[in-house]
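Take a look at the structure below.
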Amino acid sequence: MNKDKFTFAVLTYNHESYIIEHLESIKFLIETFGAAYHFNLIIADDGSRDRTVELANQWISANTDLFTDIKVLADGSNKGTCFNYTRLWPLIEGDLFKITAGDDIYSCIDLFKEVETLKNNDFFSGLPLLLIDGKIEESRSTIFHILATDVIYKGKKLIERLRGISSINTPSLFCNKKFLKDNELSNFINGFSVTEDFPMIVKIANSYENVTFAQAKKIYIYYRRTSGSTYLVRGSDFDLDKLKAFDYMLSNEKNWLDRLILKNRIYCYKLNNTPMKKLLNIGYYLYLFKIIANLRSITQACSKSPSDTHLHQSHYDLIVKRANAFLINQQNKLTSQTNETP
């Protein structure tokens, strides 16, 4: 029987404390749901200064049988989030893949079944659960806005979703392999500093016709938030990237009203006063109006959204247990080797 290829691609930077948990969550998916696939693994490290690469290589040595091909990109240089993201694109074999950060965790659902169900869409994404200090938490407001976005913009062009106030869970985002072959797209992304996902979607929405997006109600990823998260540590760079993406949208917008709304959004985004950012933003009033107009459908969508954090906490606890067991085993091996040295 011919098996499809599925590639797990991992972006790492100083993920020493998390990389084994991430890899163990991949192992769980492969062993539990992956009988019908051959798996490839790509790890792209952006010059980590800790033991991320060392630990990843130790784990790979103990789990080579899970994969038909493994590539570790780790020359010690730090070239930035965006370059690290696009440089692994040419190495992805087959049409099925997922790119994630090395500090996030895959959930316990059958990811491959989800991919088979939704793979005909250019983009699809799931709902988020947050991973904070070892606890799985649900952000009901975030889920509400993601589902509201899906109701409001369903059947409309992707650029309309991006132009207005909207929410997309990018850690859970899957995209069509055809976009990874677009050199203009990769060059565009490389022009940003720390934000790769939003510029990618913006560029695709402006460059391709009839881009399809599907919003699933499953949890694919536990998104880890720490004091070292990029949007906190490099918040100013993150803001500059967003403004650059907004400016690109504005340069491609022909409709005078949409241009006016985008200019207003850019103006408000630059303000230092947080309340005024929203108070003066025309987009927020339009978004609120759309929520009210679609409230019944949004309420129905939210009533069916997953909320079983206990299930996902149990899964994460299992992943932590497996990761700790691996690390203890590695330490025992090192101790044994040290004791045997004359």
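The values are calculated or read from the model by the stated rules, or taken from the named source; none is laboratory data. Given the structure is predicted, the values throughout are model-derived calculations rather than measurements. Reconstructed Cβ throughout: ideal geometry from the backbone, glycine too, with neighbour counts over all protein chains shown.
Numbers for the structure displayed
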| quantity | calculated |
| --- | --- |
| Number of the condition not met by residue 124 [criteria: (1) surrounded by fewer than 22 Cβ atoms within 10 Å (Cβ to Cβ); (2) within 22 Å of residue 304 (Cα to Cα); (3) touching a residue at least 12 places away in the same chain (Cβ under 8 Å); (4) out of contact with any Ser or Thr (no Cβ under 8 Å at 6 or more places or on another chain)] | (1) |
| Odd one out for residue 91, checked against (1) more than 19 Å from residue 324 (Cα to Cα); (2) in contact with a Phe, Trp or Tyr (Cβ under 8 Å, 6 or more places away or on another chain); (3) at pLDDT 95 or above; (4) not charged (D, E, K, R) | (2) |
| Index of the failed condition, residue 223 passing every other in (1) farther than 25 Å from residue 93 by Cα; (2) among the aromatic types (Phe, Trp, Tyr); (3) touching a Phe, Trp or Tyr at 6+ places or on another chain (Cβ under 8 Å) | (3) |
| Residue match in the stretch 293-303 (condition: hydroxyl-bearing (Ser, Thr, Tyr) and at pLDDT below 90) | yes |
| Residue pairs meeting the criteria (Cβ under 6 Å; at least 6 apart or on separate chains; first within 19 Å of residue 120 (Cβ to Cβ), in the stretch 91-107; second of a type in the set (A, V, I, L, M, F, W, C) and crowded, with 21+ Cβ neighbours inside 10 Å) | 96/6 |
| Count of the stretch 102-124 residues which are touching a strand residue (DSSP E or B) at 6+ places or on another chain (Cβ under 6 Å) and assigned to a strand (DSSP E or B) | 3 |
| Failed criterion for residue 241 (all others in (1) out of contact with any Pro (no Cβ under 8 Å at 6 or more places or on another chain); (2) part of a helix (DSSP H, G or I); (3) not aliphatic (A, V, I, L, M) hold) | (1) |
| Any helices (runs of 4 or more DSSP H) falling wholly within the stretch 260-306 and containing at least 3 residues that are aliphatic (A, V, I, L, M) and under 18 Å from residue 162 (Cα atoms) | 282-293 |
| Yes/no for residue 253 being farther than 30 Å from residue 110 by Cβ, of a type in the set (Asp, Glu), touching a helix residue (DSSP H, G or I) at 6+ places or on another chain (Cβ under 6 Å) and touching a residue at least 60 places away in the same chain (Cβ under 8 Å) | yes |
| Output for the stretch 83-111, where each listed residue is within 13 Å of the chain's Cα centre (by Cα) and under 22 Å from residue 176 (Cβ atoms) | 85, 97, 98, 99, 100, 101, 104, 106 |
| Single residue of 93, 31, 24 found to be closer than 21 Å to residue 222 by Cβ and surrounded by fewer than 19 Cβ atoms within 10 Å (Cβ to Cβ) | 31 |
| Of residues in the stretch 157-201 being among the small types (Gly, Ala, Ser) and part of a helix (DSSP H, G or I), the one farthest from residue 82 (Cα to Cα) | 172 |
| Evaluation of residue 50 against (1) charged (D, E, K, R); (2) surrounded by 16 or more Cβ atoms within 10 Å (Cβ to Cβ); (3) more than 18 Å from the chain's Cα centre (by Cα) (one fails), failing number | (2) |
| Only listed residue being modelled with pLDDT of 95 or more, surrounded by 15 or more Cβ atoms within 10 Å (Cβ to Cβ), in contact with a Cys (Cβ under 9 Å, 6 or more places away or on another chain) and not in a loop (DSSP other than H, G, I, E, B), chosen from 204, 221 | 204 |
| Any hit, the stretch 70-81, residues being more than 26 Å from residue 304 (Cα to Cα), at pLDDT below 95, in contact with a Phe, Trp or Tyr (Cβ under 9 Å, 6 or more places away or on another chain) and crowded, with 21+ Cβ neighbours inside 10 Å | yes |
| Residue 57 being farther than 11 Å from residue 12 by Cα, buried (at least 16 other Cβ atoms within 10 Å of the Cβ) and touching a strand residue (DSSP E or B) at 6+ places or on another chain (Cβ under 8 Å) | no |
